[in-house]
Amino acid sequence: MSEKLRKALTEAMNDEYKARATYRQVISRYGDIRPFVNILEAEERHIQALLPLFHKYDIPVPEDDWDSKVDVPSSVSEACQSGVQAEIDNTEMYDRLLHLTQAYPDVYHVFLQLKRASQENHLPAFQRCADRGQEGAGSRGRGRRHR
């Protein structure tokens, strides 16, 4: 196992933890609003996709202490705008990490899938949320999914 791989997996996991903690706190403060409820579920799947890689390469899974580190935006509109920036940052992070993990096809594949989900699904959902502003961003309901 290389130090590059350990750092790449740890950075990816911490980014997914941070996103999950942020979206949980937004939901806690503002209710079950879209797209946060949908993307929270996706962030959990991202974490589950990364875990087997830590085990395969015998890398310690980082502790998830992000609930105490994130701040809740002051409005739903601000939360949507923060979501846009977080997904842009996430895509840029995976672009960088993909270059570091080319020697590990399984890690590369997972990172590529997580990048695509962020870029093609999460970012557009947060952009729609930000475009609607606070008024429309508060759509409630777990059963309804963004498309």
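None of the figures in this text is laboratory data; all of them are computed from the coordinates on show. Remember, predicted model here, so these are calculated numbers, not experimental data. All Cβ positions, glycine included, derive from the backbone under ideal geometry; neighbour counts span all protein chains shown.
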TODO: Bin width 5 Å, alpha-carbon pairs only: give the P(r) of the range 55-102 as whole percents, running from 0 to the bin holding the largest distance.
DONE: 5, 15, 12, 20, 21, 14, 8, 4, 1
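Could you work out the helix-only [θ] at 222 nm for the chain, with each DSSP H run of four or more residues adding -39,500 (n - 2.57) and the total divided by the number of residues, to the nearest 500 deg cm²/dmol? Numbers along the way, then the final one.
Working: 5 runs with 102 residues, N = 147.
Rounded to the nearest 500, the figure is -24000 deg cm²/dmol.
Quote the charge dipole size of the range 3-137 about the Cα centre in Debye, to the nearest 20; the model charges only the Cβ of Lys and Arg (+1) and of Asp and Glu (-1).
Working: 16 positive and 23 negative charges, 42 e Å.
Here the size comes out at about 200 debye.
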- [ ] In whole Hz, with x marking every Gly and Pro, tabulate ³J(HN,Hα) for the range 88-93 from phi via Karplus 6.51 cos²θ - 1.76 cosθ + 1.60, θ = phi - 60°.
- [x] 5, 4, 5, 4, 5, 4
Open item on the list: Assuming a strict under-23 Å limit between Cα atoms, what lysine pair count do you get for the chain once near-sequence pairs (fewer than 8 apart, same chain) are dropped?
Closed with: 10
Open item on the list: So for each of 33-44, 51-62 I average, over its residues, the number of other beta carbons within 10 Å; can you give me the resulting order with the highest mean first?
Closed with: 33-44, 51-62
Open item on the list: Let me check I have the definition right: for the chain, take the eigenvalues of the Cα gyration tensor, multiply each by 5, take square roots. What are those semi-axes in whole Å, largest first?
Closed with: 29, 15, 12
- [ ] Compute the relative contact order of the chain as a whole-number percentage, counting only Cα pairs closer than 8 Å that sit 6 or more residues apart in sequence.
- [x] 35 percent
